[in-house]
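Everything on this sheet refers to the single structure shown next.
The values are calculated or read from the model by the stated rules, or taken from the named source; none is laboratory data. Note that the structure is predicted; figures quoted are calculated from it, not measured. Glycine also receives a Cβ, built like all others from the backbone with ideal geometry; neighbour counts cover every protein chain displayed.
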Amino acid sequence: MEIPESVKKRLTLPAEEHFYAGHTACQGCGASLGLRYVLKAYGRKTIVTIPACCSTIIAGAWPYSTLDANLFHTAFETTGAVISGIEAALKAMGYKVKGEDGVMVVGWAGDGGTADIGLQALSGFLERGHDAVYIMYDNEAYMNTGIQRSGSTPYGAWTTNTPGGKRHFLEKRHKKKVIDIVIAHEIPYAATASVAYPEDFIRKLKKAQKIPGPSFIQLFSPCPTGWRSPTDKSIEIARLAVQTAYFPLFEYENGKYRINMPSTKKEPKPIEEFLKYQGRFKYMTKEDIQILQEWVNHEWEKLQKLAATFG
Amino acid sequence: MEYKPIRKVVSGNYAAAYAVKHARVQVVAAYPITPQTSIIEKIAEFIANGETDIQYVPVESEHSAMAATIGASATGARAFTATAAQGLALMHEMLHWASGARLPIVMVDVNRAMAPPWSVWDDQTDSLAQRDTGWMQFYAENNQEVYDGVLMSYKIAETVNVPVMVVESAFILSHTYDVVEMIPQELVDEFLPPRKPLYTLTDFDNPVSVGALATPNDYYEFRYKLAKAHEDAKKVIKDVGKEFGERFGRDYSSMIETGYIDDADFVFMGMGSLMGTVKQAVDLLRDEGYRVGYAKVRWFRPFPKEELEAIAESVKGIAVLDRNFSFGQEGILFNEAKGALYNTGERPLMKDYIVGLGGRDFTVPDVKAIAENMKAIIEKGELDREVEWYHLKR
Amino acid sequence: MIEIRFHGRGGQGAVTAANILASAAFKEGKYVQAFPFFGVERRGAPVTAFTRIDDRPIRIKTQIYEPDIVVVLDPSLLDTVDVTAGLKDNGIVIVNTEKSKEEVLEKLKKKPAKLALVDATTIALEILGLPITNTAILGAVAKATRIVDLPYIQEAIKETFSGSLGEKNAKAAEESFNKTVIYEL
Amino acid sequence: MRVVIELNTLFGEKKEEAKKLVFTSIDQYPEAPVTLGTTLSNFTGDWRTFIPVIDESKCVKCYICWKFCPEPAIYIKEDGYVAIDYDYCKGCGICANECPTNAITMEKEEK
């Protein structure tokens, strides 16, 4: 039903809904929320490309679609290339692409499909300067295949191929800084965002819409199934990721860094706050937590310096 | 408008590029690879000169070339790409995607041998290894057929919504200058109207999701649809080939081009540029009294089973010339042809000659030597061996 | 069918020469074919290129093993390459050289029926300022073989090289045509 | 407890129109694998173990629950209060966890 007019002006997100219920995402899924927000921001005049990932399933099995927008399913590593082709075709066919009334070309890929197998196509898309928006929803592992580590999995995390055990065989590498790789392409606009802060995410999506050229948003997107966390804590965990500076919110726009609310608050909470609801971190020792905390501190300091120097 | 061809001396690759321009292709996404590169260079030159408005996407790999071409074609544009050998192998996954999504993409593959050892020369194993990807395959004998093949392929592909690979030989066609009759743009436009897509991604009021998960309850039916499209394509290929002949004087109404079949004891059967040399040699052999003919397989997919049966009915032997090999078995065309005939009851003596791999030159004297061998086999009524590595240094 | 083989070094334009000759013959209404030796030669290495000319469509798709005409763009190749390999008995050899008939014949493994000599390098240097002899040598081909008339060669040259570069190259061909010395052997 | 299912939902007519598509013959299939309907015909409400129950007396109409529903299954009624489409609600509990006034509680569902 229509949302009452009296209510609409009090909403902090666009009222219209272009993401259908009845989808088969897990309970408490961050990715489905993210996709819902993307369609709220861009509406129906959007072509979404989804590679192999949880969203392949979430988007509906044939003959049903969860999206009230055009969607092309593609192979794992090809998001960057497919959106390049779609953008080129739209231009060849005389459509306006991007901008207020243009067609929005959106790549929606997971962290594995972006940071690992899709990195080459992402790089090509970025450096060629296509008018499209690439969103990496980051749930920090290969969830669709049953929770295997990706380049974006954090230090100390349990996954099915970093299962801990007697040898303490957990993820031993810190999370790959995909956004830094993206920024190295000197694209006009890149940002981090979180499903816990949808107003900020939608503001960034709208900004990406206005700015010509390629845009990239890394969306922090909890996965209760893979993170071994209670389904009702998804938003809380995502909020804590920001509040602990584990996943700070910031923008990179034409060479300038800007840290966004609420990451601008001075003192981040200790990393344990972020870890507490998540079973995937339960094998971490005190030393492990300290190593992760130091990494967070270092990265956070680096970002603050970047914002101070190139703000 | 009366058809007055524009005759140019161009390489096979330039013939492909001209055909792409004349077909009013809208998007080209391609990656350089020897010996394909001069196709995209020529297209880039057309764009630079303002001769075409093609959107050119200089992708970072062949895998992305096919992926971007797929994105463009799904959106609704007429799209093209080109590659060779390693590049085609890298595309393999996405070839399935193009046919499964029923996108009428046309691609030129310049037949080149697979490494290692490195080789940039002619060999059909790269394209034949893509046999089961759901693409149609057209093998060009000469530069003219590269040009004609691309134009006809768009019409055929867009009728049955199945992609087509137009295959030409490395260097032997790609870099050889030859006379090509080109068709004035207005007449190409009459022959090949703008694409009418099966679906697009630009109907924003009635959005669709393409390629979603299909359960075991539905996947099977979509495979049948693609299988049926290939079967239906045979008639479309013949009709379009006939129309092309009526309009432009070069008839392609048969999927296998034959010569001297009626009174031949045996025929040479093969695909691509080597059949030009075979035709030349057959004329000479005829002068010398050999009852020999040729059967040039133009379309490998869909496979022209019915036409092959008719040939098998009228000859005693078939010498299959395979510039390719399926390891652990035999030449690929040989294997296909034998399989196609099994249930027909036609049993000509068939021998497989593995020739020209990796660009080994296959000459008129070679054809004559094989004719000699084949003649002896037919006189004796039995094969000396089934598969012969013809050029092998012994 | 007439088959011509060009010998040059990578960068000297042997392949372009083969193409221009084909284009010129095409302008005369002939069927043609031109192609490089399918190799991976780099600048400076010996290269070969081929042209076929016929009154009928050319179907054969092989390299040329028994040429009617051999064209040598670089005199130093006479010492390292058997340029007359497979040359037909009534074959013609055209060499860019400043050497004498006797000196050249001494280097050839097979005696051609006709030998044509021209110092194309000097002509190229004078007119183009570069030692690229592919267009100049085509003047000699026109004179020695009569398979294609010079004006067609010049026309094909001007289509290959635009503007003043085309004019200069066409002039080089003409100069070479005039200076070529032919020996019937 | 048994919850009365409201007729009003976020998707109104589209939900009413949504139906299961059944294909019994090859001729009914489209040529290409393009979708023909929405997932609204798929009622995921039966996934639930716990069911969110709204206490309107505590609701301050902040719409945070509406904002964070991943289905989405929370809609806003004429009177400005929120309601849940139990046909789709999977019972994840995010709404209850995020509600600042504890107006939503998760209760064990009897089926």
| Has the stretch B:82-92 got at least one residue that is in contact with a helix residue (DSSP H, G or I) (Cβ under 7 Å, 6 or more places away or on another chain) and at the interface with chain A (Cβ under 8 Å from one of its Cβ atoms)? | no
| remark: If we ask which residues in the stretch D:38-77 are modelled with pLDDT of 95 or more, assigned to a loop (DSSP other than H, G, I, E, B) and either more than 10 Å from chain A (Cβ to nearest Cβ) or more than 14 Å from A:S32 (Cα to Cα) (or both), their number turns out to be 13
| said: For the structure I just gave you, tell me whether B:D218 is at pLDDT 95 or above, more than 17 Å from B:E306 (Cα to Cα) and either not basic (K, R) or not assigned by TED's automatic domain parsing to the domain that holds B:A369 (or both). | reply: yes
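Looking only at the stretch B:12-19, decide whether some residue is hydrophobic (A, V, I, L, M, F, W, C) and over 19 Å from the mean Cα position of the chain (by Cα). Reasoning before the result, please.
Of all residues in the stretch B:12-19, those hydrophobic (A, V, I, L, M, F, W, C) come to B:15-17, B:19.
Imposing the further condition that a residue be over 19 Å from the mean Cα position of the chain (by Cα) reduces the set to none.
So far as the stretch B:12-19 goes, no, none of its residues is hydrophobic (A, V, I, L, M, F, W, C) and over 19 Å from the mean Cα position of the chain (by Cα).
How many residues are charged (D, E, K, R), surrounded by fewer than 24 Cβ atoms within 10 Å (Cβ to Cβ) and farther than 18 Å from C:L150 by Cα if we restrict to the stretch C:1-46?
Kept after step one, since they are charged (D, E, K, R), are these residues of the stretch C:1-46: C:3, C:5, C:9, C:27-28, C:30, C:41-43.
After this cut, where a residue has to be surrounded by fewer than 24 Cβ atoms within 10 Å (Cβ to Cβ) as well, the list is C:3, C:9, C:27-28, C:30, C:41-43.
Going one step further and asking which of them are farther than 18 Å from C:L150 by Cα, we end up with C:3, C:9, C:41-43.
Number satisfying all stated conditions: 5.
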| query | Taking the stretch A:184-204, which residues are among the β-branched types (V, I, T) and either surrounded by fewer than 18 Cβ atoms within 10 Å (Cβ to Cβ) or in a loop (DSSP other than H, G, I, E, B) (or both)? | reply | A:I187, A:V195
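Which helices (runs of 4 or more DSSP H) does the stretch B:75-167 wholly contain that include 2 or more residues that are under 17 Å from the mean Cα position of the chain (by Cα) and aromatic (F, W, Y)?
On the way: elements: B:85-100, B:125-128, B:143-160.
Result: B:143-160.
Given the structure, is C:E106 away from chain B (no Cβ under 14 Å) and either charged (D, E, K, R) or surrounded by 20 or more Cβ atoms within 10 Å (Cβ to Cβ) (or both)? Working first, answer last.
On the way: away from chain B (no Cβ under 14 Å): yes; either charged (D, E, K, R) or surrounded by 20 or more Cβ atoms within 10 Å (Cβ to Cβ) (or both): yes.
Against the criterion (away from chain B (no Cβ under 14 Å) and either charged (D, E, K, R) or surrounded by 20 or more Cβ atoms within 10 Å (Cβ to Cβ) (or both)), C:E106 qualifies.
Taking D:K111, is it more than 22 Å from D:E17 (Cα to Cα) and charged (D, E, K, R)?
Working: more than 22 Å from D:E17 (Cα to Cα): yes; charged (D, E, K, R): yes.
Yes: the conditions hold for D:K111.
Within the stretch B:325-369, count every residue that is hydroxyl-bearing (S, T, Y) and surrounded by 18 or more Cβ atoms within 10 Å (Cβ to Cβ). Let's see the steps before the verdict.
Start the filter on the stretch B:325-369 by keeping residues that are hydroxyl-bearing (S, T, Y), which leaves B:326, B:342, B:344, B:353, B:363.
From what's left, surrounded by 18 or more Cβ atoms within 10 Å (Cβ to Cβ): B:353, B:363.
Number of matching residues: 2.
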| Residue check, C:A49 against (1) crowded, with 22+ Cβ neighbours inside 10 Å; (2) not in a strand (DSSP E or B), all met but one. Which one? | (2)
| task | Mind counting the residues in the stretch A:85-104 that are more than 21 Å from A:A41 (Cα to Cα) and either facing chain B (nearest Cβ under 7 Å) or touching a His at 6+ places or on another chain (Cβ under 6 Å) (or both)? | result | 6
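Any residue at all in the stretch A:197-206 that is more than 23 Å from D:N97 (Cβ to Cβ) and touching an Asp or Glu at 6+ places or on another chain (Cβ under 6 Å)? Break it down stepwise before answering.
Of all residues in the stretch A:197-206, those more than 23 Å from D:N97 (Cβ to Cβ) come to A:203-206.
From the residues that got through so far, the ones that are touching an Asp or Glu at 6+ places or on another chain (Cβ under 6 Å) too are none.
No: zero hits.
To keep it simple, each residue is scored yes or no on (1) crowded, with 24+ Cβ neighbours inside 10 Å; (2) over 17 Å from B:S174 (Cβ atoms); (3) of a type outside the set (D, E, K, R); (4) assigned by TED's automatic domain parsing to the domain that holds B:V59.
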residue: B:T83; (1), (2), (3), (4): yes, no, yes, yes
residue: B:H92; (1), (2), (3), (4): no, yes, yes, yes
residue: B:V108; (1), (2), (3), (4): yes, no, yes, yes
residue: B:Q144; (1), (2), (3), (4): no, no, yes, yes
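So, in the stretch C:8-48, of the ones that are charged (D, E, K, R) and over 16 Å from the mean Cα position of the chain (by Cα), which residue ends up nearest to C:K158 (Cα to Cα)? Walk me through how you get there before you give the answer.
Narrowing the stretch C:8-48 to residues charged (D, E, K, R): C:9, C:27-28, C:30, C:41-43.
Cutting the leftovers down to over 16 Å from the mean Cα position of the chain (by Cα) gives us C:27-28, C:30, C:41-43.
Values: C:K27: 13, C:E28: 16, C:K30: 19, C:E41: 27, C:R42: 26, C:R43: 24 Å.
If we take residues in the stretch C:8-48 being charged (D, E, K, R) and over 16 Å from the mean Cα position of the chain (by Cα), then C:K27 is nearest to C:K158 (Cα to Cα).
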| field | Subset of the stretch A:269-287 (residues that are out of contact with any strand residue (DSSP E or B) (no Cβ under 9 Å at 6 or more places or on another chain) and surrounded by fewer than 19 Cβ atoms within 10 Å (Cβ to Cβ)) | value | A:K269, A:P270, A:E272, A:E273, A:K276, A:G279, A:T285, A:K286, A:E287
| task | Could you check, for the stretch B:380-393, whether at least one of its residues is part of a helix (DSSP H, G or I), among the aliphatic types (A, V, I, L, M) and over 13 Å from B:G331 (Cβ atoms)? | result | no
| request: Could you look through the stretch A:106-133, keep only residues that are of a type in the set (D, E, K, R) and out of contact with any Ser or Thr (no Cβ under 6 Å at 6 or more places or on another chain), and pick out the one that is nearest to B:P58 (Cα to Cα)? | output: A:R128
| request: Could you please tell me which pairs satisfy a Cβ distance under 6 Å, a separation of 6+ or placement on different chains, a first residue in the stretch A:56-73 that is free of Cβ contacts under 8 Å to residues at least 40 places away in the same chain and under 16 Å from A:Y42 (Cβ atoms), and a second residue that is among the polar types (S, T, N, Q) and not in a strand (DSSP E or B)? | output: A:A59/A:T66
| request: Specify which of the listed residues (A:P222, A:P262, A:P230) is surrounded by fewer than 24 Cβ atoms within 10 Å (Cβ to Cβ), touching a residue at least 40 places away in the same chain (Cβ under 8 Å) and within 14 Å of another protein chain (Cβ to nearest Cβ). | output: A:P230
| Of the residues that make up the stretch C:74-89, is at least one modelled with pLDDT of 95 or more, within 27 Å of B:K279 (Cβ to Cβ) and within 13 Å of chain B (Cβ to nearest Cβ)? | yes
| Is there a residue in the stretch B:209-222 that is β-branched (V, I, T) and within 18 Å of D:I26 (Cβ to Cβ)? | yes
| In the stretch B:22-58, which residues are buried (at least 21 other Cβ atoms within 10 Å of the Cβ) and over 30 Å from B:W118 (Cβ atoms)? | B:H22, B:A23, B:V25, B:Q26, B:V27, B:I54, B:Q55
| task | Tell me, please, whether a residue that is over 15 Å from A:S32 (Cα atoms), at pLDDT 95 or above and more than 7 Å from chain B (Cβ to nearest Cβ) can be found in the stretch A:65-73. | result | no
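If only one of B:V320, B:V278, B:V267 is within 14 Å of another protein chain (Cβ to nearest Cβ) and crowded, with 17+ Cβ neighbours inside 10 Å, which one is it?
Numbers: B:V320 fails: within 14 Å of another protein chain (Cβ to nearest Cβ); B:V267 fails: within 14 Å of another protein chain (Cβ to nearest Cβ).
Going through B:V320, B:V278, B:V267 in turn, the sole match is B:V278.
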| field | Among residues of the stretch C:166-185, those that are crowded, with 19+ Cβ neighbours inside 10 Å and in contact (Cβ under 8 Å) with a residue 60 or more places away in the chain, counted | value | 1
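Look at C:D68 and say whether it is surrounded by fewer than 23 Cβ atoms within 10 Å (Cβ to Cβ), away from chain B (no Cβ under 11 Å), in contact with a strand residue (DSSP E or B) (Cβ under 8 Å, 6 or more places away or on another chain) and touching a residue at least 24 places away in the same chain (Cβ under 8 Å). Give the steps one after another, and end with the answer.
Values: surrounded by fewer than 23 Cβ atoms within 10 Å (Cβ to Cβ): yes; away from chain B (no Cβ under 11 Å): yes; in contact with a strand residue (DSSP E or B) (Cβ under 8 Å, 6 or more places away or on another chain): yes; touching a residue at least 24 places away in the same chain (Cβ under 8 Å): yes.
Yes, satisfied.
Looking only at residues that are over 23 Å from A:Y277 (Cβ atoms), in contact (Cβ under 8 Å) with a residue 24 or more places away in the chain and part of a loop (DSSP other than H, G, I, E, B) in the stretch D:78-108, which one is nearest to the other protein chains (Cβ to nearest Cβ)?
D:Y88
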